[in-house]
1. Of the residues that make up the range 60-68, is at least one of a type outside the set (Gly, Ala, Ser), assigned to a strand (DSSP E or B) and out of contact with any strand residue (DSSP E or B) (no Cβ under 7 Å at 6 or more places or on another chain)?
2. How many of the residues in the range 129-147 are surrounded by 13 or more Cβ atoms within 10 Å (Cβ to Cβ) and on the phi > 0 side of the Ramachandran plot?
3. Among the residues that make up the range 47-62, is at least one of them within 21 Å of Leu128 (Cα to Cα) and among the basic types (Lys, Arg)?
4. Looking at the range 82-122, which of its residues are free of Cβ contacts under 8 Å to residues at least 60 places away in the same chain and in contact with a helix residue (DSSP H, G or I) (Cβ under 6 Å, 6 or more places away or on another chain)?
5. Check whether at least one residue in the range 128-139 is over 18 Å from Val66 (Cβ atoms) and basic (Lys, Arg), and report yes or no.
6. Applying the selection to the range 1-35, what residues are surrounded by 13 or more Cβ atoms within 10 Å (Cβ to Cβ) and basic (Lys, Arg)?
7. Mind checking which pairs have a first residue in the range 47-62 that is under 11 Å from Met1 (Cα atoms) and a second that is in a loop (DSSP other than H, G, I, E, B) and not polar (S, T, N, Q), Cβ under 8 Å, 6 or more apart or different chains?
8. Restricting to the range 113-150, what's the tally of residues that are closer than 27 Å to Arg6 by Cα and in contact with an Asp or Glu (Cβ under 8 Å, 6 or more places away or on another chain)?
Amino acid sequence: MITLARAESGDAAELRDIQAAAFAADVAQYGCGPEGHDALEWHLNLIEKQSLYFKILYQAKIVGGVVIFSRENGHYHLGRIFIAPSHQNLGIGAAALRALEERFPDARKWTLDTPYRNVRNHHFYEKLGYMKVGETEPDAGNGFYLFLYEKQFSR
């Protein structure tokens, strides 16, 4: 169904456009999207230097991306996952997360964060075995905060 492949510099503009569309609802709801979601330099920096950035391919077409960070002792942090609005609700995001978990068999723990008001995300991650383990401190200016999720593996 889906394939994960390392993102390359030539993919950055397409991934930026997909991510900007995927987070348009967050921009409407919160007044902004996640850091760098619509900035080409952010994507290039992550692809070239700082992370494990994968493009999500469906029928050989880029339909999304996922950014992860390798921590220590088998801990991986899901920095971001996004799917083009035209390809949401097809099981692509769930398939991508399962593929990531298989791709990193040394993982003992996956962590992520997601906006407190995004009930759809909460359900999505919980359905895949992630458990809410905490919350960030609310922003003094706008009250925005994140839910923290974790999934443990006994390997």
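1. Just the residues of the range 60-68 that are of a type outside the set (Gly, Ala, Ser), to begin with: 61-63, 66-68.
Right, trim to assigned to a strand (DSSP E or B) and you get 61-63, 66-68.
Pick out the ones that are also out of contact with any strand residue (DSSP E or B) (no Cβ under 7 Å at 6 or more places or on another chain) and you get 61.
Among the residues of the range 60-68, at least one is of a type outside the set (Gly, Ala, Ser), assigned to a strand (DSSP E or B) and out of contact with any strand residue (DSSP E or B) (no Cβ under 7 Å at 6 or more places or on another chain), which makes the answer yes.
2. Here the count works out to 1.
3. yes
4. Selection gives Thr114 alone.
5. Going through the range 128-139, the residues over 18 Å from Val66 (Cβ atoms) turn out to be 131-139.
Pick out the ones that are also basic (Lys, Arg) and you get 132.
Within the range 128-139, one or more residues are over 18 Å from Val66 (Cβ atoms) and basic (Lys, Arg).
6. Within the range 1-35, Arg16 is the sole residue that qualifies.
7. Tyr58/Met1; Tyr58/Leu90
8. Result for the range 113-150: 4.
The values are calculated or read from the model by the stated rules, or taken from the named source; none is laboratory data. Remember, predicted model here, so these are calculated numbers, not experimental data. Don't worry about glycine lacking a Cβ; one is built from the backbone with ideal geometry, like all the others, and counts go over all protein chains shown.
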